[in-house]
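One structure is given here, and the rest of the page talks about it.
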Amino acid sequence: MKKKELQLYITLLALAGAIALAFMLAVSILNGGVTAQHFEVFADPQTYARELLANEGSLRAIFTFDSLFLAFYTGAVLFVALAVKNEDNAWLVGVSVGALVLTTFLDIHENQEILSFLQMAKANVTPTVDMLQARVLWSAVKFNSSYLSFFLIAFALPSKTALEKFLRISLWVGFLPIGVLVYTFPHPLLSLGRYVLMLAGLLMLSWNYYLRWKSK
């Protein structure tokens, strides 16, 4: 695949991912702040089922955009890996891609499982404690796998311009620590900060590679 093709694909997919994420945030804001992450934490099974039913419409919209989002950002990062891989960083990029693929698989599984919990709730069947505990665990693994992927790929990203350098630094000292703190010291502002950094990172990635694609 030619360098110009890779740059264009990264530009478009990162932008598409940012747009999908923005739509998810908009749905959340317009529906009282509910997000998929509300159903990635443990709750009493009956309470969990009631909350699912109360937020069915917004959750279905969120998962629609989230399924698009994960396809777009996975594609963008895979093309980044192809663009930056060389003999010196092959192992680094390979591990990053492996963590990314794991993240994507777990994200797909999460979306479909929560939707299955919704179907169960509509049939007056509540998820068990074990099912919800497993959901909490694998959701946390999903996010931490993404932190590892982006932390590692940042070492291979271009850093010629100020914005390219800023993107790398934000992945090291912004996205990683805030993402970890979401689980060790949970707070709504940290969760919001994680989303803002994800959105900003995708926009910066798209712009950086647009400039590279546009240049001769």
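Things to note:
- Any hit, region 195-213, residues being outside any helix (DSSP H, G or I) and over 30 Å from residue 4 (Cβ atoms): no
- Filter result for residue 66 (charged (D, E, K, R), surrounded by 14 or more Cβ atoms within 10 Å (Cβ to Cβ) and either part of a helix (DSSP H, G or I) or touching a residue at least 24 places away in the same chain (Cβ under 8 Å) (or both)): yes
- Lone qualifier among 140, 156 - being part of a loop (DSSP other than H, G, I, E, B), in contact (Cβ under 8 Å) with a residue 60 or more places away in the chain and farther than 18 Å from residue 18 by Cβ: 156
- Region 1-30 residues that are in contact (Cβ under 8 Å) with a residue 60 or more places away in the chain, paired with ones that are assigned to a helix (DSSP H, G or I) and acidic (Asp, Glu) (beta carbon under 9 Å, 6 or more apart): 21/66
- Residue within region 135-144 that is surrounded by 15 or more Cβ atoms within 10 Å (Cβ to Cβ), over 29 Å from residue 207 (Cβ atoms) and touching a Pro at 6+ places or on another chain (Cβ under 6 Å) present: no
- For region 39-63, residues that are of a type in the set (S, T, N, Q) and within 16 Å of residue 128 (Cβ to Cβ) total 2.
- Between 107, 88, the distinction of being acidic (Asp, Glu) and surrounded by 14 or more Cβ atoms within 10 Å (Cβ to Cβ) belongs to 107 only.
- Criterion applied to 148, 171, 181, 189 was being of a type outside the set (Phe, Trp, Tyr), touching a Ser or Thr at 6+ places or on another chain (Cβ under 8 Å), without any contact (Cβ under 8 Å) to a residue 60 or more places away in the chain and part of a helix (DSSP H, G or I), and the one residue passing it is 148.
- Candidate set from region 106-148 (those that are basic (Lys, Arg) and closer than 12 Å to residue 40 by Cβ); member that is nearest to the chain's Cα centre (by Cα): 142
Bear in mind that the values in this text are calculations on the coordinates, not laboratory data. The shown structure was predicted, so the numbers you read here are calculated from the model rather than taken from an experiment. Note: ideal-geometry Cβ built from the backbone for every residue, glycine included; neighbour counts use all protein chains shown.
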